[in-house]
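The values are calculated or read from the model by the stated rules, or taken from the named source; none is laboratory data. In this text, all values refer to a predicted model and were calculated from it rather than measured experimentally. As a convention, Cβ positions derive from the backbone with ideal geometry for all residues, glycine included, and neighbour counts pool all protein chains shown. Please note that ligands, DNA and RNA were not included when accessible areas were found on the heavy atoms of the full protein model with its side chains. Shrake-Rupley method; radii C 1.70, N 1.55, O 1.52, S 1.80 Å.
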Amino acid sequence: MDVIYHYDGSFEGFLSCVFDSYAHKEIPAGFCSGEDGVFSLFNSRTVLTDPDHAARVLQKVAALSPEAAVLLRRGFLTCLSEKELHLFQVVAKLLREGPGFLRNRSDETLYPVIRAVQHLNGEVHLLKGFVRFSDLGGVLGGEIEPKNRVLPVLGGHFSARFHNERFFLYDRTHKEALFHVPGQSVIRPLADFQMAPPDKTEARYRLLWKRFYDTIAIKERENPRLRMSNMPKRYWGTMTEFQGAEHFIPRTSPGAVSGPGAPAGISAPGTPPPPGPSAPGSGP
Amino acid sequence: MDVLEKLTVLTDAAKYDAACTSSGGTRTAKKGYIGNTSTASAGCCHTFSADGRCVTLLKVLLTNRCVYDCKYCVNRRSNDTRRAAFTPEELADLTIQFYRRNYIEGLFLSSGVFRSPDYTTELMIRCLALLREQYRFNGYIHAKAIPGTAPELVERLGFLADRLSVNIELPSEAGLNSLAPDKTKGAILAPMRQIQTRNRQSREELVKYRHAPRFAPAGQSTQLIVGATRDTDFHILRLTQGLYDRYGLKRVFYSAYVPVVEHALLPAKDVKPPLLREHRLYQADWLLRFYGFRAEELLDEGTQDFDTRVDPKCSWALAHLDFFPVEVNTAAYETLLRIPGVGVTSARRILSARRVGPLHIDNLKKLGVVMKRAQYFLTASGKMAEGLRFTPDSVLRGLIAAERPLLPQQEAVQLSLFDPAETA
Ligand code: SF4
C-alpha cells in the first residue's frame, strides 16, 4: 500500500519513516515535512520521530555498507528534490540486493543521490574559501546563502581552523546558524539576522582586502567569463570584495555596533569603539 | 607611506607570479594556534580575480626595492617605479587579520633583492618567525628562496614555510645570461638541490621522531616564463620533466610573459601574452604528473611546439590511432588514461563499476567520461557510440569543437584564427 509520510523534517525523523515502512510493509509514495498538508490521492500518515528506530535503521545500513551510511547522512543535507524518496530507494535496494551496486556510480538508483551529494560537496568546497567573516568586537561573524544545507559539514572545517575564536556563521537560505566558542559548536535555527555594520578597524581591513583584490588581477589577462565559471555570481552577495561603498564605511555609534546583529547565545560585541575623530568616509 | 598604499604597490609588483596554491600541505589544527591546512589535493581558492585566476594566498613582496636588473621585471633596479617595503610587523598583522576573516589560506612571501640576498632573506625570516611564534599561525606559508642566499638562511626559511620556491623564470641559460645578468644557473639550482635534500632528510627524521621539525613539508615549486625568450614547448616540457624527475619538484608553474617593459631583447609592449600556449603547457604538465606521459611522447625534434587547435592528449591520440579503440571493460588503468575525455577520476570509476557488471556506452557519461571527446576512441562491450561515423578529419573537427567552449575566453579568441572550416 502506498502512503505519504508526514514527519518533522529531521534526519532521525526520516529514518523513523524508513523503519515504519518496513514495520508496516508500506511503500512510501512521498515524504512531507512542515505545516503545509499536501492534498493527495494517497493515504497519508504522520510518523513520530523515534531515536531508537532511527538508530536501528542506521546501524543496519552501516553494517551492510559504512559508505552507504555516510551517503545517507550527506544526501539528507542536499537540495535534491524528493531527496527522502531517493534515499529511501537506495536503502531499499541495499536491503534487497546488498551493497554491490554502490560501486557502480551509473546505477540508476544511486546516480541521482551521488550527483546531489557531489553538488553539496562542491558547494562546501567553494564555501570553505568564499565565506567572509567580520570582526564584530572580538566575535567573528559571517553569512552564507547556499543551496544545500552545508553548515553541518562546513562547520567542522571552521571550528577546527578557528578553534580558539568565537564565531558564528549564518545560513540565510535555511535560516540557521552555527555558533562556536572554544571547545564547543552548535547549529541552531535563527529566523532573522542582520549583520552589524563595521567599526573602524573592521572597515579598514575590509578596505585593505578589497584593494588587494583589485590590484592582484592582471589587466592584460582580464577574463570575466572565466571568473564567473570559477566563482558563480550567486556567491558574490556575501563576499567582501563585491560589496558596495557603504560596506567599507565604519559606523562608530555604539548603538549601531551592538544592534540586532548579535545573535542569541553569544554576548553582544559590546566594546564601544575608541573615541576619536569621526571616521573618514572613504569608500573603496 | 601607509599600509594601504604599501599593499597596493607590493601587490602590484607580485602579481605576475603564477604560483598561488595551498595544495600538498597538511597542518592539522593545533591547540593554542590559529589555523590549519587541510586541503588534500585541490587547493582552496578564496576568490577569483578579474583575470579568472584563483586567489589562495596573500601574495605580496616584502619589498620591491631590488639591486638586480633582470630585464623582464618591473622591479629591476633601472626601472623608474614606486618603491615600498613592509616592515615584518605590518605584514604579519595583515596576514593574521586577513586569515581570521577567511580572506586567505595563508601567505605567499616573495621579495626583490634588498641590499643582498642574505639581508632580504633575514627580513623574510623575521616576518615568518613573528607569524609562527608570536601569532601562533598554523596556516599555509609559501616563501621564495632567493638565488645566492646562504644555505643556513635557506635552512631557517624552510623550517618556517610549508613550501619554498626558487623561480627559474627563463627556461634556458642563454636567456638567463642575456636577460638576468645577475643570476646564474648555478645560483638557482643550488638552493633547489638543498631544499630537495633537506626535505627528504626531514621526512626520514619524521618517521623516527614524531615531533621532528618539518622542512618545507609541501615541497618546492618553480616558475617558468613563457614567451619572453625563443625557447620551444619541447624545450620547456623537457626542462619540466627533468625538474620533476631529478629535483622532486611538486609543481612547475608557467607564466605567459606580459610585456611590462620596453627592451630590445624582449617582445614589444603591444604583444599579447601567449595565453593559449601557457594553457597547452599546463595541460601537458598535467599529463606528465598524473597520466604517465613522457615529454618525448608528446613532442619531438620534428614537432617542437604544441598544436594550438587541440589539447596535447587529443593530439597524441590522433597521432596514434592504431592504439584505439580501447575497450573500457578490459583495458588497464594506464590504458584508460590515454583515452581523450577519460580523466583520473572517471578511469577509477570505470574500474570500480565494471566489477559490478559489464559497462555499456550509456553508462559512461554517468561515470564522468566526456563522450564528446571519448566517443571516437573507445568501445564498451564491443560497441561504439550508436550511429557514430567518422574519418580522421572529422575527428579533428569534432575535438576542436568539443574543447572550444571550455577554453578561457581569450584562448578561444586566439584559437578562432584556426577556424575548423579551414582545417577540414
Ligand atoms: S631579482 Fe630580478 S626578478 Fe627578482 S625582483 Fe629583482 S629584478 Fe625582479
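Restricting attention to the range A:135-159, report how many residues are open to solvent by 10 Å² or more (accessible area, probe 1.4 Å) and facing another protein chain (nearest Cβ under 8 Å). So the count comes out to 2.
Restricting the range A:223-242 to residues that are polar (S, T, N, Q) and under 22 Å from the mean Cα position of the chain (by Cα) leaves a set whose member that is nearest to the other protein chains (Cβ to nearest Cβ) is A:N230.
Residues being free of Cβ contacts under 8 Å to residues at least 24 places away in the same chain and either within 16 Å of the ligand (Cβ to nearest atom) or open to solvent by less than 20 Å² (accessible area, probe 1.4 Å) (or both): count how many of those fall in the range B:48-72. Summing the residues that are free of Cβ contacts under 8 Å to residues at least 24 places away in the same chain and either within 16 Å of the ligand (Cβ to nearest atom) or open to solvent by less than 20 Å² (accessible area, probe 1.4 Å) (or both) in the range B:48-72 gives 3. Filtering the range B:5-15 down to residues that are open to solvent by 30 Å² or more (accessible area, probe 1.4 Å) and at the interface with chain A (Cβ under 7 Å from one of its Cβ atoms), which residue is nearest to the chain's Cα centre (by Cα)? The qualifying residue nearest to the chain's Cα centre (by Cα) is B:D12. If you go through the range A:160-174 and keep only what is open to solvent by 20 Å² or more (accessible area, probe 1.4 Å) and either among the polar types (S, T, N, Q) or at the interface with another protein chain (Cβ under 9 Å from one of its Cβ atoms) (or both), you end up with A:A160, A:H163, A:N164, A:E165, A:T173.
Considering the conditions (1) more than 14 Å from B:K15 (Cβ to Cβ); (2) hydroxyl-bearing (S, T, Y); (3) facing chain A (nearest Cβ under 9 Å), B:T87 is excluded by exactly one of them, (3).
When the criteria are applied in full, B:T120 meets the requirement of being at pLDDT 95 or above, β-branched (V, I, T) and within 16 Å of the ligand (Cβ to nearest atom). No other residue among B:T26, B:T81, B:T95 is in contact with a strand residue (DSSP E or B) (Cβ under 9 Å, 6 or more places away or on another chain), modelled with pLDDT under 95 and among the hydroxyl-bearing types (S, T, Y) apart from B:T26. Taken together, B:E90, B:E105 contain a single residue that is buried (at least 21 other Cβ atoms within 10 Å of the Cβ) and away from the ligand (no atom under 11 Å from the Cβ), which is B:E105.
In the set B:R214, B:R238, B:R203, only one residue is outside any helix (DSSP H, G or I), open to solvent by 30 Å² or more (accessible area, probe 1.4 Å), away from the ligand (no atom under 16 Å from the Cβ) and not aromatic (F, W, Y); that residue is B:R214. Remark: pairs (first residue in the range A:142-159, free of Cβ contacts under 8 Å to residues at least 40 places away in the same chain; second residue among the aliphatic types (A, V, I, L, M) and buried (at least 22 other Cβ atoms within 10 Å of the Cβ); Cβ separation under 6 Å; 6+ apart in sequence or on different chains) = A:L151/A:L178; A:L154/A:L127; A:G155/A:L178.
At least 1 residues that are at pLDDT below 95 and closer than 30 Å to B:D80 by Cβ in each: list the helices (runs of 4 or more DSSP H) lying fully within the range B:257-354 that qualify. By residue number, B:275-290.
Residue check: is B:R163 open to solvent by 40 Å² or more (accessible area, probe 1.4 Å) and away from the ligand (no atom under 16 Å from the Cβ)? Here the answer is no, as B:R163 does not meet what is asked.
Screening B:L388, B:L351, B:L359, B:L367 for residues that are of a type outside the set (G, A, S), at the interface with another protein chain (Cβ under 10 Å from one of its Cβ atoms) and open to solvent by 30 Å² or more (accessible area, probe 1.4 Å) leaves exactly one candidate, B:L351. No other residue among B:R82, B:R115, B:R76, B:R100 is away from the ligand (no atom under 11 Å from the Cβ) and either closer than 29 Å to A:N230 by Cα or crowded, with 18+ Cβ neighbours inside 10 Å (or both) apart from B:R100. Would you confirm whether or not the range A:62-83 contains a residue that is closer than 24 Å to B:N363 by Cβ and within 14 Å of another protein chain (Cβ to nearest Cβ)? So far as the range A:62-83 goes, yes, one or more of its residues are closer than 24 Å to B:N363 by Cβ and within 14 Å of another protein chain (Cβ to nearest Cβ).
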